[in-house]
Amino acid sequence: MSRQEFLQRLRDALTGEVQGNVIEENIRYYDEYIRTEASRGATEEEVIDSIGDPRLIARTIIDASEDAGDESYGGRDYDSFNRSGQTIYEEESRSSRNFHYVDLNKWYWKLLAAVVIVLFFFLIFSIISGIFAILVPLMGPILLILLVLWFLCGIRR
């Protein structure tokens, strides 16, 4: 089987099963892989025989895409793997960007957010009640002084 036949069979098996960007990425990958191995001295037929049946490869790609929920950001979908088998996250961590992915849809992140919100409101309530705790004992004498001043000003008139 030639490279073009292999790629066309792979494309046909993937069409309608996964998104177009997944198809194109895999076609580019296998095309580049076959060309690279052929440039190292192997024939295209030997390389294609070592890869295996394009329908089996397509089934693996489809299964990986379905397991990932196609475009879910919560999981590691097929698109997150590069040609060397490393995930994008592992590859990026070696570069200067240091990209790190955190899935905030887990139950413990939601619980943490709820605890933080409760603690925030508790802090606000504590501050307000602390202010009132300081002002309430002072309010008696202040009101008494204002009452005396009002009374004295009222007598002078």
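If each of L149 and E24 carries a label point 7 Å out from its Cα toward its Cβ, how far apart are those two points in nm?
So the label points at L149 and E24 sit 7.8 nm apart.
By how many nm would the segment from I62 to R11 grow when fully extended, if each residue of separation counts as 0.36 nm and the alpha-carbon distance is taken off? Before the final figure, lay out each step's value.
Details: separation 51, 0.36 × 51 = 18.36 nm, distance 1.18 nm.
Here the segment from I62 to R11 would lengthen by 17.2 nm.
If I model a spin label at A42 and K106 as a point 7 Å from the Cα along the Cα→Cβ vector, what separation in nanometres do I get?
Result: 3.9 nm between the two label points.
Since every read-out is calculated from the coordinates, none of them should be taken as a lab result. None of these values were measured; they are calculated from a predicted model. Virtual Cβ from ideal backbone geometry, glycine too; neighbours counted across all protein chains shown.
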